[in-house]
Amino acid sequence: MPVKPADKSIKTGENPAAGKPSDPLQKNTDRYCRQSLLPQIGAEGQRRLSESRVVIVGLGAMGSAAATLLVRAGIGEVVLIDRDLVELHNLQRQVLYSEEDVDRPKAVAAAEALQKANSSIKITFHTRDLNLTNAEKLLTGADLVLDGTDNLQTRFLINDVCVKHAIPWVYAGAVGTSGMVMPILPGRGPCFRCLVPELPGPGLLQTCDIAGILNTVPAFIASLECTLAFQILTGKPVTEGVKAYLIHADLWYQTFDRVAVGKRADCPCCGKGRMDFLQASSREMITSLCGRDAIQITPVAALEISLEELGERLMRLGDVRSTRYMLTFRTDTEALTVFRDGRAIIQGTKDEAKARSVYARYIGL
Ligand SMILES: [Zn+2]
């Protein structure tokens, strides 16, 4: 289905359907009565939720599920950020989208669907890639940031901004049949780099595009993520002193673990105060290749990746050809060439956000 003409010009906006609630729907006390009835939330908790502003970065499976729960719970303003278009294979798990949304920007389709579910709150969307040029602008002013991303690079960037500006955020990830969640309260508990101090090499991480994803996992992980969000926003404790808990769940095997994570004195971010991912020097460089329909992504930090291992993992998904120095991977719609130092050329696009998305999807950073 083609992109609707109106979508092409929309980069950032508020849903046009916003602010036109019919009168009966304005009775927000009724709307949330089953929630405020809970002693854990109560009328005061509901009031706090209604005054909160939450930013969701990434509107894939977890982001979709989390956005739905937040909007229905009456969060005052929900800000949606996503760089991708809806693809047919997203529909298996990304509950905000329908077949008619294929090829539309996720942020636009999500804002429309969510505003229909609750016209009494404010929904703002950005069809953008969150990167170091815009992250502080997009995230500051939030009471909470929720992780719906599919890559570590963006999580490290969110962590830098949130630690710098003391914004609570919830890390969440899902791949295969399992997922993880951890609340991050800057200044109190551990930050994300206390848990993962440095970026692992490309190809070492599983991604949903390579390992697959069971659709119950992001739904479950998003539920945990939103529960933590409600607790943080209503002022309930989610950490124990300087300890937070990383929750890991494998839904297929029904195993659930809770591991204490401490704040590290030698943490590069909250310990030593380095905001590496907010500085251009530690990011990858993205260059459009002149005269070619291609984008080159070069990690600035020197990397050594195993093309053999990467080739084995990508083989199930498309055509892989490799030499000693490079690997070329091709599907019906995408083509990329990866070098041992992590540099990649993504063919068939001039769109930087799309190129980063393909890089994150197949190389796993
Ligand atoms: Zn830290």
If I go through region 49-67 residue by residue, how many of them are within 20 Å of Leu224 (Cβ to Cβ) and outside any loop (DSSP other than H, G, I, E, B)? 12
Quick one: which strands (runs of 3 or more DSSP E) sit completely within region 251-302 and have at least 3 residues that are exposed (fewer than 15 other Cβ atoms within 10 Å of the Cβ) and at pLDDT 95 or above? 255-262
Leu70: in a helix (DSSP H, G or I) and either touching a residue at least 40 places away in the same chain (Cβ under 8 Å) or more than 19 Å from the chain's Cα centre (by Cα) (or both), yes or no? yes
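To keep it simple, each residue is scored yes or no on (1) more than 16 Å from the ligand (Cβ to nearest atom); (2) in contact with a His (Cβ under 7 Å, 6 or more places away or on another chain); (3) assigned to a strand (DSSP E or B).
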position	(1), (2), (3)
Arg193	no, no, no
Leu224	yes, no, no
Leu228	yes, no, no
Tyr245	no, no, yes
Give me the residue from region 73-85 that is touching a Pro at 6+ places or on another chain (Cβ under 8 Å) and assigned to a loop (DSSP other than H, G, I, E, B) and, out of that set, farthest from Ala107 (Cα to Cα). Asp84
Return the residue satisfying two criteria in turn: it lies in region 62-89 and is within 25 Å of Leu144 (Cβ to Cβ) and either out of contact with any helix residue (DSSP H, G or I) (no Cβ under 9 Å at 6 or more places or on another chain) or polar (S, T, N, Q) (or both), and of such residues it is surrounded by the fewest Cβ atoms within 10 Å (Cβ to Cβ). Glu77
Exactly one condition in (1) touching a residue at least 24 places away in the same chain (Cβ under 8 Å); (2) closer than 24 Å to Cys194 by Cβ; (3) surrounded by fewer than 24 Cβ atoms within 10 Å (Cβ to Cβ) is false for Asp129; which is it? (2)
So Gly173 fits all but one of (1) under 30 Å from Arg340 (Cα atoms); (2) within 16 Å of the ligand (Cβ to nearest atom); (3) within 15 Å of the chain's Cα centre (by Cα); what number is the exception? (2)
If you scan region 143-170, which residues turn out to be closer than 20 Å to Phe230 by Cα and of a type in the set (Asp, Glu)? Asp143, Asp147
Selection status of Met326, at pLDDT below 95 and within 16 Å of the ligand (Cβ to nearest atom): no
Considering only residues that are away from the ligand (no atom under 15 Å from the Cβ) and within 22 Å of the chain's Cα centre (by Cα), which ones fall in region 259-280? Gln279, Ala280
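The values are calculated or read from the model by the stated rules, or taken from the named source; none is laboratory data. This structure is a prediction, so every number in the text was calculated from the model and none was measured. Neighbour counts run over all protein chains shown; Cβ positions are idealised from the backbone, glycine included.
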